[in-house]
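K.L.:
This structure is in structure tokens; I'll ask about it shortly.
What follows is calculated from the coordinates using simple rules that are stated; it is not laboratory data. Fair warning: this is a prediction, and the values are worked out from it, not measured in the lab. Cβ atoms come from the backbone with ideal geometry, glycine included; neighbour counts cover every protein chain shown.
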Amino acid sequence: MQIITTKADLRLFLKSQYPKSIGFVPTMGALHQGHLALVERSKRENDLTVCSIFVNPIQFNKPEDLAKYPRTEEQDSLMLREVGCDVLFMPSVDEFYPSQVLTSINFGTIEQSMEGAFRPGHFSGVGVVLCKFFNLVKPQKAYFGQKDFQQCAVVRQLIVELDFDIELVICPTLREASGLAMSSRNKRLKPTQLENASKLYRALQTLAQVFRDGLPLKASISTIKNTLEQDGIFEVEYIEFVDTHTLAPVGIKHDPARVVVCIAALIDGVRLIDNLLVEHE
Ligand code: PAF
């Protein structure tokens, strides 16, 4: 595996690999099985797989969240080597952003709810970093996990509206045996917190059933929120049923094939998100 830390070296190396097809897996490190599944899929579908590890400062709206983001670069690079990743791009912040970034991207209505509403500027930062990565790596396919459902919708819009010639590949969320969605942020949780965190998945399963049974959505959301918050373990930021493409809130009459239920909650200050397609899961 080539480990590359500068944009110039990355461009040079990828030029030397022409005309190989490139699959790209962008990450912020603290890798888990979910990330490795993206790399493995990219390896199956492309000649060359490039993975980036870059904790992107401009997508964090809270400095303390950025400071606490888990960083495990040595272990990450070992894991990537083991699954046969071809290129690991790991630039420093100064290399990647040599000057203050003045560009921002407004994704319109798709970023006005959920993550976008609770993390102002987050998707602009995600959009900017991905535009830069896409221009540097020039992949044919880019791989993202469904756990970040709204991010996937934002990336889809970015690719379509800015004419990136890239196929977006969205891969299913990998879960622990408890049902907890794999996430880099889980690394900040102690064993008892991890056990509690799996309640989020059970809450989503209950809500998906509520939708399938045609029960009142608002009242059910409120009951689930109260249950999660009752012993002070969780602080729920949002629970929403939304359209899978527009991310607009939906009612009980919406086509179930286009409904996803999404949740964000803090457990002892660690922010977790998860989602479930109501029909398929
Ligand atoms: O999902 C992530 O880890 C990040 O948002 C991404 C896509 C790597 C951009 O920094």
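K.L.:
Projecting each Cα onto the charge dipole of segment 1-116 (Lys/Arg +1, Asp/Glu -1 at the beta carbon, about the Cα centre), which of Val93, Leu66, Thr5 comes out farthest on the positive side?
P.N.:
Towards the positive end, the residue furthest out is Thr5.
K.L.:
So, in Å, what gap is there between the alpha-carbon centers of segment 217-253 and segment 39-106?
P.N.:
31 Å
K.L.:
Moving on. Quick check on the chain: of the DSSP beta bridges with both residues there, what percent are antiparallel, nearest 5%?
P.N.:
Percentage antiparallel, nearest 5: 50.
K.L.:
For segment 83-173, with only Lys/Arg (+1) and Asp/Glu (-1) charged at the beta-carbon, what is the dipole magnitude about the Cα centre, in debye rounded to 20?
P.N.:
140 debye
K.L.:
Taking a virtual spin label 7 Å from the Cα of Asp9 along the C-beta vector, which residues in segment 74-117 bring their backbone nitrogen under 19 Å of it?
P.N.:
Those under the cut-off are 74-82, 85-98.
K.L.:
With labels modelled as points extended 7 Å from the Cα through the Cβ direction, what inter-label distance (nm, one decimal) is found for Phe118 paired with Gln17?
P.N.:
If labels sit at Phe118 and Gln17, their model points lie 3.6 nm apart.
K.L.:
So which of Lys68/Lys141; Lys15/Lys132; Lys68/Lys132; Lys7/Lys62; Lys225/Lys253 end up more than 20 Å apart, counting from Cα to Cα?
P.N.:
In this structure, Lys68/Lys141; Lys68/Lys132; Lys7/Lys62; Lys225/Lys253 lie more than 20 Å apart at Cα.
K.L.:
Could I ask something else about it? So how strong a dipole does the chain carry about its Cα centre when Lys and Arg Cβ are +1 and Asp and Glu Cβ are -1, to the nearest 20 debye?
P.N.:
180 debye
K.L.:
Along the charge dipole of the chain, Cβ charges K/R +1 and D/E -1, which of Gln17, Leu194, Val154 sits furthest on the positive end?
P.N.:
The residue sitting farthest along the positive end of the dipole is Gln17.
K.L.:
How many angstrom lie between the C-alpha centres of segment 122-144 and segment 1-24?
P.N.:
Here the two parts' Cα centres lie 15 Å apart.
K.L.:
Taking the Cα-to-Cβ direction at Glu64 and at Thr206 and moving 7 Å from each Cα, how far apart do the two end points lie in nm?
P.N.:
Label at Glu64, label at Thr206, 2.9 nm between them.
K.L.:
Compare the Cα positions of Ile252, Phe241, Ser42 along the charge dipole of the chain (+1 at Cβ of Lys, Arg; -1 at Cβ of Asp, Glu; about the Cα centre) and return the one farthest towards the positive end.
P.N.:
Ser42
K.L.:
Name the residues of segment 228-250 whose amide N is less than 20 Å from a point 7 angstrom out from the Cα of Leu215 along the C-beta direction?
P.N.:
Residues 228-231, 236, 238-242, 250 fall inside that zone.
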